[in-house]
Each structure stands twice: as structure tokens, then as C-alpha cells.
Amino acid sequence: MKTLTAMVVCASIAMPLFAHAQSASDVAYCNKLSQTYRATAQLNSTPDATVPTAMSKCATAPGEAIPIIEKALTDGKVTLPKRD
């Protein structure tokens, strides 16, 4: 029973650390997408109004923002930046 308790405690400590690492990677990629969009947005005749909102969520909700910015870029036939 002590082993199971120790495993649960270790897992509960490790999970947030792993989630934070994923989040930092997502934030960095979201910021790259935002930079790419800003650099190419002038080429689009009618920019998508949802993109600026998504870009503002890169730091707090990159999982929500990334698909929106990716779609806007691919719809504009812009090559997506490499995800590290």
C-alpha cells in the first residue's frame, strides 16, 4: 500500500511539470505562427477577425489558438513554420 501511495504522490508531482513543458512548447509555436501571420497578413485582402483574438490567447490558451492561426495561414497558402 505504501508503494502505491508513493507512486500516486510522485505522479501527481510529475504531471504538472510535464504539462508545463508541453505548454511552453505550444506557446513558442503559437508565437511563431503569430509572427508568420503578421508578416503575411498584409498580403491577404480580407483578414480573418478571429485571428487577432487567437493570437492574444497564445500565452494562456495556445491549444485553442494554434488551430485558428494555422487555418488562417494555410487558407492564405502560407507555409507553416516548423514546430520545435
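Quick notes
- Approximate spin-label separation Lys71-Ser56, in nm, with each point projected 7 Å along Cα-to-Cβ: 1.9 nm
- Using θ = phi - 60° in the Karplus curve 6.51 cos²θ - 1.76 cosθ + 1.60, the 3J(HN,Hα) couplings for segment 28-34 round to 4, 5, 4, 5, 5, 4, 4 Hz; x is entered for Gly and Pro.
- Derived scalar couplings ³J(HN,Hα) [segment 58-73; Karplus, 6.51 cos²θ - 1.76 cosθ + 1.60; whole Hz; x for Gly, Pro]: 4, 6, 10, 9, x, x, 7, 6, 4, x, 5, 5, 4, 5, 4, 5
- Label point 7 Å beyond Cα of Ala28 along Cβ direction - residues of segment 48-76 with amide nitrogen under 18 Å: 58-63, 66
Read the figures in this text as sums done on the coordinates, not as results from a lab. Since we're looking at a predicted model, the values are computed, not measured. No Cβ is skipped: glycine too gets one built from the backbone with ideal geometry, and neighbour counts run over all protein chains shown.
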